[in-house]
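These notes are about the structure you will find just below.
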Amino acid sequence: MITEKQLESEFIKAIKDIIELDYNAIAAYEAAIDRLEKEETKQALQDFKKDHERHVEELSSFIKSKNEDPPTGPSLKSAFTKGKVMLANLIGDMTILMAMKSNEIDTNIAYERINNCPNIPEEVSDLLKQGLEDERRHLAWLEKNIF
């Protein structure tokens with residue numbers, strides 16, 4: 001039988017994974033913003049990047065409140081998420097947005113999974129729900145603006 005302490009430990013690990021995923025997204029957004037031509041698209045992506053920065057800050061505070069050390073940067077996957085954007089740059093803005101959509105699908109899945117965990121601590125529940133809403137908004141914008 002899994003103990004409450006083991007469940008908490010697994011949940012903390014999942015939050016740390018989300019933080020790394022948000023760091024990956026930040027790096028990908030920075031790469032995309034630097035390569036886009038249209039100012040209105042750059043501004044939308046700047047706003048999405050700020051959401052990811054807020055997620056990192058808020059979820060890191062939660063991790064610290066549990067006497068744990070939060071991640072301080074992206075995971076190894078960052079090279080892949082950022083790399084998709086850099087390769088897309090060879091073709092143009094639309095392809096960069098398609099690469100960002102692929103990255104946002106990953107963050108949507110991660111936030112959906114963590115929001116479906118049983119016994120989410122009350123102090124982080126609203127942050128995770130807001131994070132999922134943000135991710136869904138990012139993905140919807142990208143889907144609307146790709147074609």
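Within the stretch 20-30, none of the residues are surrounded by fewer than 18 Cβ atoms within 10 Å (Cβ to Cβ), of a type outside the set (D, E) and more than 13 Å from H138 (Cα to Cα). Scanning the stretch 116-136 for residues being in contact (Cβ under 8 Å) with a residue 12 or more places away in the chain and among the charged types (D, E, K, R) gives a total of 5.
Of all residues in the stretch 116-131, at least one satisfies being modelled with pLDDT of 95 or more and closer than 26 Å to E39 by Cα. In the stretch 34-83, the qualifying residues are those that are among the hydrophobic types (A, V, I, L, M, F, W, C) and modelled with pLDDT under 95, and the one that is surrounded by the fewest Cβ atoms within 10 Å (Cβ to Cβ) is L76.
The values are calculated or read from the model by the stated rules, or taken from the named source; none is laboratory data. What you see is a predicted model; the values in this text were computed from it and never measured. For neighbour counting, all protein chains shown are included, and Cβ atoms are generated from backbone atoms with ideal geometry for every residue, glycine included.
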